[in-house]
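To start, the structure under review is shown below, and the notes come after it.
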Amino acid sequence: MSTTQSFAGRFVSGLGDLLLRYQSGIRRMQWMMIAAYVALLVVPLALPLPGGSDYIWNNLARFVQFVFWGVWWPFVILGTALVGRFWCGLLCPEGALSEFASERGAGRAIPSWMKWSGWPVVAFISTTIYGQLTSIYQYPKPAALLLGGSTLAAMVVGARYGKAKRVWCRFLCPVSGVFGTVSKVAPLHFRVESDAWKRSSPAEAAGVNCAPLIPIKTMQGSSACHMCGRCSGHRGAIRLAWRKPAADIVFGSGRMAARWDTILIIPILLGLVPAALHWTASGAFQAMRTWLVERCVELGLMWPLSLRLPWWLLTNYPSVNDVMNVVDAVSLLAFVALGAFTSSVLFLLPLVAATTILRRTRKVVHHLAQAMIPLATSSLFCGLLALTTSQLRSDGINLPGVDAARGALVVVAGLWSVGLFFRISSVYCRSINRRIIATAPIAMAVAAFSATWLFMFLGG
Ligand code: SF4
């Protein structure tokens, strides 16, 4: 057993060193990704919108749509949960372009407003909602605007701030908060061994350019690490290594979690995002919309039902009979707000109650909330997978068992979250009885959440 473990350890450590040695190869790979990314964004703009007889295999616009939203987005989330943020460090075209611009840029100091810890969450909420209002998953123009605009902003930030750094990725990228959160369950990380660091001689060590600006000597956890491999072997103290999945949540960076981490997990990933991904199939959304339509008719207010806004504000494609009016948009906003509110009530009340039962201050809520990361990750992945399956289904391809697998994944992740909560409670309380009593309400919340998913996957 130990031989196997040491072989596995040596294997990943060697993998980290390999990344360090092949940085120029990684750079070439990034340029290929950039070329593919630009082509996927731009080429569909010149094509007509797909019709009823267009499929993934015979229409480029449909193919691009599937690659972006059916493959790229869900499987980058899955990859981040399984192996960490290798996507960010090795393949992400936006990060690579931002760093490239920064290498040649002004190299200014990073302004303090940019370091506000709420930016990634605010940017994620804004892009998620804007994407739904403009139907980003269906049409190339909003995809080009949102993704292209984000990439342009990343390059501008790179060109102005930091030298050969990824200031955008560290402080502003709309998905950096999500990737950082999801990566906490990954079983791989770049480990810093502080004793080896102290023993080593700084004179012998070449400098490391950590593009996402991590103070690598004191690095805790791996949520900000892009797994680029540039620090592998540095001072004989850093190596790519295995760890127990989620160990970082219980004993590492999870202990330093703060308000924005909790906001991202509870109201956003467990509330707003599921609502944003499933509003079209929701009876509650339809009920809200019908109610609003009736109020408008009663009041003689017809413009919210008839006004058409440009495609970059609201979905507007009359040629394929897809137009969103103001009532649709207000209903959508109300529905995602309801999703965020419901998940806040469902999870935050048991979390706050747990701090009382464990006789701890309210600050402990943020560490306890980290236990919900497996559930939030599975919910996000399964929600995004709905884009994959619905696109394939519309092309006549049914993946057998996929709904049952999604349901099972959410249930297993929910059980993991409850177990994780119980483990975190051991950091704050020695009494098993208190820990069990504190865990029971959160287990009920997880069960209610998972049951909703199961109903949607299997019965809805
Ligand atoms: S700590 Fe920095 S240099 Fe090291 S792997 Fe992570 S991102 Fe790369």
- request: With unit charges on the beta carbon (Lys/Arg positive, Asp/Glu negative), name the residue among SER126, VAL178, GLY158 whose Cα is farthest towards the positive pole of the charge dipole of region 114-218.
  value: GLY158
Rounded to the nearest 10 Å², the accessible area of HIS234 at probe 1.4 Å: 30
statement: Here the FRET efficiency for LYS198 versus ALA106, based on Cβ atoms and R0 = 35 Å and rounded to 0.05, is 0.45
Residues of region 390-430 with amide N under 16 Å of the 7 Å Cα→Cβ point at THR280: 390-397
field: Under 11 Å, Cβ to Cβ, from CYS92 - net charge with Lys/Arg +1 and Asp/Glu -1
entry: 0
query: Going from most exposed to least, what order do PHE455, PHE63 have by accessible area with a 1.4 Å probe?
result: PHE455, PHE63
message: On a 1.4 Å probe surface of the protein chains, which of MET456, MET32 comes out largest in accessible area, and what is the full order?
response: MET32, MET456
- request: Any chance you could list P(r) for the chain, counting all Cα-Cα pairs in 20 angstrom bins from zero, rounded to whole %?
  value: 22, 55, 22, 1
field: Amide N proximity, region 64-81 versus ALA39 label position 7 Å along Cα-to-Cβ, cut-off under 16 Å
entry: 64-68
- line: Ranking LEU313, LEU415 from most to least accessible area with a 1.4 Å probe gives LEU415, LEU313
query: In Å, the Kirkwood hydrodynamic radius of region 257-459 over pairs of distinct alpha carbons?
result: 18.9
- request: Please list the non-local residues whose amide H lies under 5 Å from the amide H of TYR317, H modeled 1.01 Å from N, same-chain partners needing a gap of 5 or more.
  value: ASP322, VAL323, MET324
field: Eligible aspartates and glutamates near LYS115 by straight Cα distance, threshold 20 Å, same-chain separation 8 or greater
entry: GLU94, GLU99, ASP261
field: Simple spin-label estimate for ASN58 and THR361 in nanometres, 7 Å along Cα-Cβ
entry: 6.6
- prompt: With labels modelled as points extended 7 Å from the Cα through the Cβ direction, what inter-label distance (nm, one decimal) is found for ASP322 paired with ARG21?
  reply: 4.8
- prompt: What percentages, rounded to whole numbers, describe P(r) for region 376-458 computed over all alpha carbon pairs with 10 Å bin width beginning at zero?
  reply: 17, 39, 24, 14, 5, 1
task: Pop a pseudo-label 7 angstrom from the Cα along the beta-carbon direction at both PHE251 and SER306 and give the gap in nm to one decimal.
output: 6.8
query: Which of the helices in the chain meet the span-like rule: DSSP H, Cα axial reach of 27 Å or more, Kyte-Doolittle mean at least 1.0?
result: 326-357, 402-428, 432-454
message: Take the residue pairs LYS165/LYS244; LYS184/LYS363; LYS163/LYS244 and return only those whose Cα atoms are more than 28 Å apart.
response: LYS165/LYS244; LYS163/LYS244
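The values are calculated or read from the model by the stated rules, or taken from the named source; none is laboratory data. Being a predicted model, the structure only gives us computed values, none of them experimental. Cβ: placed from backbone, ideal geometry, glycine included. Neighbour counts: every protein chain shown. These accessible areas exclude ligands, DNA and RNA; they are computed on the full protein's heavy atoms, side chains included. Shrake-Rupley method; radii C 1.70, N 1.55, O 1.52, S 1.80 Å.
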